[in-house]
Structure formats: C-alpha cells, structure tokens
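S.K.: Sending over a structure as structure tokens; questions will come in a sec.
The values are calculated or read from the model by the stated rules, or taken from the named source; none is laboratory data. None of the values given here were measured: they were computed from a predicted structure. We place every Cβ from the backbone using ideal geometry, glycine too, and count neighbours over all the protein chains shown. Ligands, DNA and RNA are excluded from the accessible area calculation, which covers all protein heavy atoms including side chains. Shrake-Rupley method; radii C 1.70, N 1.55, O 1.52, S 1.80 Å.
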Amino acid sequence: MNNFTFYSPTEFVFGKNTEQQTGELVKKYHGTKALIVYGGGSVIRSGLLDRVKKSLEEADIAYIELGGVQPNPTDPKVYEGIELGRREKVDFLLPVGGGSVIDTAKAIAAGIPYESDFWDFFTGKAIPQTALRIGVVLTIPAAGSEGSGNSVITKVDGLKKLSLRTPEVLRPAFAVMNPEVTYTLPAWQTASGITDMMAHIMERYFTNTPDTEVTDRLCEGTLKAIIKEARTVMKEPHNYGARANIMWAGTIAHNGICGTGREEDWASHFMEHEISALYDVTHGAGLAVIFPAWLTYMADYNVGKVAQFAERVWDVPASTDLKVVALEGIARFKAFLHEIGMPTTFKELGIEHPDIDLLVAHLHENKGELVGGYVRLDRQASRAIYEIANS
C-alpha cells in the first residue's frame, strides 16, 4: 500500500426533508449571501428550489440565482457566474442539482477571487489557492461531486473537456442529501448515474499497487451493493431504501476513500470526456460504452485484476485461465448495463460513425502521450479501445 493523505471535511446531512436545514448550514459555515446555482426546470417544478430559498430566508441569508446550467457544463456559464458573483458580492456558492451544477459552482467559487482566467486552473497553468465556500443540495446521485474536490468543465472553443482536482480548496463544506428528491428522476438519468458511480470505483480499483486488500474489498462491496440496489430502483423508482443506498453509494464512490493507498487509472474517464465533449452525450452512458471496451483490452494486457473483478463482483467461478474468467466477468457487466438500459457500443449510444482519429488526437493532446495507470495507453492502445467500443 502506498503512503497517502485522506482529507474529507464535508458534512453530509442525509435523509428525508433535510433540504429544510440548508439555511442554517449556510450560516454555520459563515455564508451571508449565497449564489444559488441550478440547471433546468426540475428543481423549480418539484418545489425544491422554493424550499431551499425559504430555508435561506428563515436563516436571514441573502441570495441571488443563476439558472440554466446544462449537462456537460461549459465555460460561458462559469464566466457568467463569476461576473454575477463579483458584482453582487456573494460569499457562498449553493448549487442545487447534480454533478454539472456542482462542478459549475466549484469553478465559479475558484474563479471569483482569482484575478486572471479561471480556465488557468483546468489547464494546469495555475493552482487555486483559495475559493468561496460551497454547500450542496444534491438532486442526482451520480458524479459524487458533493463529496469531492473535483470539477469538470468543457471549454466551448476547441471542445476541451478538462478536470480540476483540488480537494483542499473545493470540497463542499456540506452536502444535503434527501433521497426523496430523486424519485422523479427519469430511468435514463438514474441508470447513467449508477454507471458513473460504478466507473468512479473501478477507476480506483484497477491498480498495480500491491497489498490493497481493504480498499479492494471496499470497492467490491460497494459495487455489489450498487448492482443489487440498481435492480430494485429501476423497477421501483419510489423505493426509499434503494434510492437512499444508491445516493450514498455515489458519494462513497468518489469522495476518495476507495482510492486511498493505491495508484489510480482514470483512462476510461479521460476517453469518455472526449466523446461527450465532441458528441454531447450523457457522461454515464458514454462510460457504459468505454469501460467494457477498456476491460476487454486489459484482458489481453494486464488480466489479473480484471479476473479478480469478475470473480469477486460478478461471481464468476475461479479458473486457472484468467482470461476466460475476465471475459465472462465483462460479459456479465455488459449484461447488467443492458438490463438497466445503458448502451455498450457507439452505435447503441447513437453515434453511427465516431471520428476515432479525432477522439484519439484530442485525448492525447489534452492528457499526454501516455494515459492511465493500470496500463499506460499510447495512441495505438487508445485507438484499439475506441475500436472495440465501435464493434
């Protein structure tokens, strides 16, 4: 196991009606004027936004609003939020939504006190030293952004989808998590979120670091719990227990606990980022296409952990032929993805003729000539994985 520092200061307030505590939580973390960030009309139609605003008013917290954040969030909305936040002198960011909304709010929180272009943080030109405090009211269990210091934004000019990872600065102070608000999520969005959280665990699981039994078992146990609860929630969308377990799993998947002491991979996420940047597909659905293809490639080039994944997560019987075990596990994984309504090929994703040349070029321009940790992928390898996803 590698040396590590695990820093996770977020206060998680979980359960029914917890959005009513939002105002007092903002006050607890010294907010006096909040910028509420949200996406489309669902938080308005459901009444959640009104309940949050009422809670702020009861706690004497001033607020302004920034709506219209889109899936696969882009930089124009971040610039708009930075300008609005500076003009209105806000001191707290309050995203009400899922990963796209939270990631946008994080970028705004880092950008308001920064004198130059916030995009410097995403290209690595600068590292954020300070940011406005953030509190989250979560509506979509998927990205895990409510418990991480990460943000992913796409720059419209050049369609560059890049991530920022600064847990010391951008982890939310609190996250309000009421599973009841997820009852009305469309099945597609629920399944995409389930796939995303599984991928967050798998990016950490597939490692060459030895002696990681505790985190291996954390990963495997959480994956098995997600699989079990996913089957329930897809059939019974108003099942509180299943919704609650899925919501908490999304946080566990991406707050860093599953990655402690081990090298991580992240090649599949980087490869998917190029797909959703170019074709504007749902991130979780893109991962459902890429991850099985990545695993199939790994069955030939580093089979050990893939076979363990097959045995421990998908209950494939052990065998001395590790590749056979691995491929059966991948087949069971793909069958599960189809069961919950996810695609596993470009064609099923709605992309008939993906521009693999462009995907490969953008991937390595953005992430370097070698990508990933489990097997370092050069252009030939990443092309092979995209081709598997297109077969």
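S.K.: Go through the residues of segment 245-254 one by one and say whether even a single one is crowded, with 22+ Cβ neighbours inside 10 Å, more than 24 Å from Gly329 (Cβ to Cβ), of a type in the set (S, T, N, Q) and modelled with pLDDT of 95 or more.
M.R.: Checked against the condition, which is being crowded, with 22+ Cβ neighbours inside 10 Å, more than 24 Å from Gly329 (Cβ to Cβ), of a type in the set (S, T, N, Q) and modelled with pLDDT of 95 or more, segment 245-254 yields at least one hit.
S.K.: What is the residue count in segment 333-380 for residues that are in contact with a strand residue (DSSP E or B) (Cβ under 7 Å, 6 or more places away or on another chain) and either of a type in the set (Phe, Trp, Tyr) or open to solvent by 40 Å² or more (accessible area, probe 1.4 Å) (or both)?
M.R.: Number of matching residues: 1.
S.K.: Taking the stated definitions as given, is Tyr79 closer than 18 Å to Leu164 by Cβ, assigned to a helix (DSSP H, G or I) and open to solvent by 10 Å² or more (accessible area, probe 1.4 Å)?
M.R.: On the way: closer than 18 Å to Leu164 by Cβ: yes; assigned to a helix (DSSP H, G or I): yes; open to solvent by 10 Å² or more (accessible area, probe 1.4 Å): yes.
In short, yes.
S.K.: Tell me which helices (runs of 4 or more DSSP H) are completely within segment 137-235 and hold 2 or more residues being closer than 29 Å to Phe122 by Cβ and open to solvent by 30 Å² or more (accessible area, probe 1.4 Å), or say none if there are none. Talk me through it step by step, then tell me what you get.
M.R.: Details: elements: 167-170, 187-205, 213-235.
Passing ranges, in order: 167-170, 187-205.
S.K.: Of everything in segment 102-111, what is farther than 17 Å from Leu25 by Cβ, open to solvent by less than 10 Å² (accessible area, probe 1.4 Å) and not basic (Lys, Arg)? Give them in sequence order.
M.R.: Residues of segment 102-111 farther than 17 Å from Leu25 by Cβ: 103-104, 106-108, 110-111.
Adding the requirement that they be open to solvent by less than 10 Å² (accessible area, probe 1.4 Å) leaves 104, 106-108, 110-111.
Thr104, Ala107, Ile108, Ala110, Gly111 - these are the residues of segment 102-111 that are farther than 17 Å from Leu25 by Cβ, open to solvent by less than 10 Å² (accessible area, probe 1.4 Å) and not basic (Lys, Arg).
S.K.: Within the set of pairs 6 or more residues apart or between chains, which connect a residue that is acidic (Asp, Glu) inside segment 88-105 to a residue that is not in a loop (DSSP other than H, G, I, E, B) with Cβ atoms less than 6 Å apart?
M.R.: Filtered contacts from segment 88-105: Glu88/Ile64; Asp91/Lys33; Asp103/Ser145; Asp103/Ser151; Asp103/Val152.
Residues are listed down the side, and each one gets a yes or a no for (1) touching a Leu at 6+ places or on another chain (Cβ under 8 Å); (2) β-branched (Val, Ile, Thr):
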site	(1), (2)
Val324	no, yes
Leu337	no, no
Ile340	no, yes
Glu348	no, no
Val371	yes, yes
Ser382	yes, no
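S.K.: Another question, then. Is segment 134-156 home to any residue that is out of contact with any helix residue (DSSP H, G or I) (no Cβ under 8 Å at 6 or more places or on another chain) and more than 24 Å from Val176 (Cβ to Cβ)? Walk me through it before giving the result.
M.R.: Filtering segment 134-156 down to residues out of contact with any helix residue (DSSP H, G or I) (no Cβ under 8 Å at 6 or more places or on another chain) leaves none.
So far as segment 134-156 goes, no, none of its residues is out of contact with any helix residue (DSSP H, G or I) (no Cβ under 8 Å at 6 or more places or on another chain) and more than 24 Å from Val176 (Cβ to Cβ).
S.K.: List the residue pairs whose Cβ atoms are under 7 Å apart, where the first residue sits in segment 365-391 and is closer than 15 Å to His269 by Cβ, the second is modelled with pLDDT under 95, and the two are 6 or more positions apart or on different chains.
M.R.: Taking only residues 6 or more apart or on different chains, the pairs are Asn366/Lys160; Asn366/Leu162.
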